[in-house]
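Colleague: Please read through the structure below; I'll follow up with questions.
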């Protein structure tokens, strides 16, 4: 019985409040809110779920989940301090047009569902993403933090209910 958290980063482990005030830190990957990590840790510990990165940040990792840049190294280190580890990445189905227009929400649901098709041992799953992912099936499993605030305890309570069924 495998439980999975599909984790987005921007708008979940940080917020637009921070984004607007700290653009440089967001763009260089240094700004992850430690309080959001602690909240995420409680979810992972209570549910024993695995973290699958489905954020645009996944391009900073190779297929063996090794960090490819300082931003990814920082994320891994921050998670590891709380005993958390990224255990997989969703596939990248973006096109040049999607990358140019930054409309990643158009393919994120397809990326999650593609990952799920190749991991049939997953029994319960939740998506933590601040974006509308335009898919009814995924919406039933999504907890959507307010990007201006990021992950909250209320979000975690909803996610627990989804994961623990």
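Colleague: Please work out which residue is modelled with the lowest pLDDT, limiting yourself to the range 37-72 and to residues that are more than 20 Å from residue 90 (Cβ to Cβ) and assigned to a helix (DSSP H, G or I).
Modeller: The extreme case among them is 70.
Colleague: Same structure again: Tally the residues that are more than 19 Å from residue 12 (Cα to Cα), out of contact with any helix residue (DSSP H, G or I) (no Cβ under 9 Å at 6 or more places or on another chain) and crowded, with 16+ Cβ neighbours inside 10 Å, restricting the search to the range 37-75.
Modeller: Qualifying residue count for the region: 0.
Colleague: Shifting gears a bit: In the set 83, 29, which member is assigned to a loop (DSSP other than H, G, I, E, B), touching a helix residue (DSSP H, G or I) at 6+ places or on another chain (Cβ under 8 Å) and at pLDDT below 95?
Modeller: That would be 29, the only listed residue that is assigned to a loop (DSSP other than H, G, I, E, B), touching a helix residue (DSSP H, G or I) at 6+ places or on another chain (Cβ under 8 Å) and at pLDDT below 95.
Colleague: Could you say whether any residue in the range 141-148 is surrounded by fewer than 19 Cβ atoms within 10 Å (Cβ to Cβ), over 16 Å from the mean Cα position of the chain (by Cα) and over 16 Å from residue 33 (Cβ atoms)?
Modeller: Looking for residues that are surrounded by fewer than 19 Cβ atoms within 10 Å (Cβ to Cβ), over 16 Å from the mean Cα position of the chain (by Cα) and over 16 Å from residue 33 (Cβ atoms), one finds none in the range 141-148, hence no.
Colleague: When you scan the range 98-112, do you find a residue that is touching a strand residue (DSSP E or B) at 6+ places or on another chain (Cβ under 8 Å) and in a helix (DSSP H, G or I), even just one?
Modeller: Here is the first cut: in the range 98-112, the ones touching a strand residue (DSSP E or B) at 6+ places or on another chain (Cβ under 8 Å) are 112.
Now restrict to residues that are in a helix (DSSP H, G or I): 112.
There is at least one residue in the range 98-112 that is touching a strand residue (DSSP E or B) at 6+ places or on another chain (Cβ under 8 Å) and in a helix (DSSP H, G or I).
Colleague: Where residues in the range 86-97 are modelled with pLDDT of 95 or more and not in a loop (DSSP other than H, G, I, E, B), which of them is surrounded by the fewest Cβ atoms within 10 Å (Cβ to Cβ)?
Modeller: Looking at the filtered set, the residue picked out is 87.
Colleague: Go through (1) farther than 19 Å from residue 159 by Cβ; (2) within 13 Å of the chain's Cα centre (by Cα) for residue 66 and report which single condition fails.
Modeller: It fails just one condition, (2).
The values are calculated or read from the model by the stated rules, or taken from the named source; none is laboratory data. Model, not experiment: these values are computed from the prediction. Positions of Cβ are backbone-derived with ideal geometry, glycine not excepted, and every protein chain shown enters the neighbour counts.
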